[in-house]
Amino acid sequence: MLNTLSVATFEPHVGQQFRMQLAAASHVEVTLVEASPLATDGDARRQRAPFRLIFRGPASQVASQAIYSVEHDSLAPMSIFLVPIRADAAGVYYEAIFT
């Protein structure tokens, strides 16, 4: 399923809430704050153009780098490798890179 995702899948959902599963019975609401294409190396064998997603979660619940189940009301549930990249007064930011 992940190989069919593209930046266009997520662009309409920037600013919207997603649920990130932290544990069996625990989740946190995160906001998709960015969905952007990445520069390509010109390799024609790529199945899709690379892109990145940035989510913002609450500062009170910092998740470590790991694969998380992420859900949105209009998308199928997916497992995404998320990396915390920074924190500020607005919350903690997580990045996912798709190549």
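The values are calculated or read from the model by the stated rules, or taken from the named source; none is laboratory data. All values derive from a computational prediction rather than experimental measurement. Glycine gets a Cβ as well: all are built from the backbone with ideal geometry, and neighbour counts include every protein chain shown. When the accessible area is computed, the model is the full protein with side chains, heavy atoms only, and any ligands, DNA or RNA have been set aside. Shrake-Rupley method; radii C 1.70, N 1.55, O 1.52, S 1.80 Å.
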- Query: Restricted to the stretch 81-90, and to residues that are within 15 Å of ILE54 (Cα to Cα) and free of Cβ contacts under 8 Å to residues at least 40 places away in the same chain, which residue is surrounded by the fewest Cβ atoms within 10 Å (Cβ to Cβ)?
  - Reply: ASP88
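Could you check the stretch 46-71 and list, in sequence order, the residues that are among the aromatic types (Phe, Trp, Tyr) and over 11 Å from PRO84 (Cβ atoms)?
Step one: filter the stretch 46-71 for residues among the aromatic types (Phe, Trp, Tyr), giving 51, 55, 68.
Passing the criteria: PHE51, TYR68.
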- Note on the structure: Of the listed residues (ALA49, ALA39), the one being touching a strand residue (DSSP E or B) at 6+ places or on another chain (Cβ under 7 Å) and in a loop (DSSP other than H, G, I, E, B) is ALA49
- Query: Can you find a residue in the stretch 21-34 that is at pLDDT below 85, surrounded by 10 or more Cβ atoms within 10 Å (Cβ to Cβ) and β-branched (Val, Ile, Thr)?
  - Reply: no
- Message: Residues that are surrounded by 13 or more Cβ atoms within 10 Å (Cβ to Cβ), part of a loop (DSSP other than H, G, I, E, B) and in contact (Cβ under 8 Å) with a residue 12 or more places away in the chain: does the stretch 63-79 have at least one?
- Response: yes
- Quick one: is ALA59 more than 15 Å from TYR93 (Cα to Cα), touching a strand residue (DSSP E or B) at 6+ places or on another chain (Cβ under 7 Å), outside any strand (DSSP E or B) and open to solvent by 60 Å² or more (accessible area, probe 1.4 Å)? no
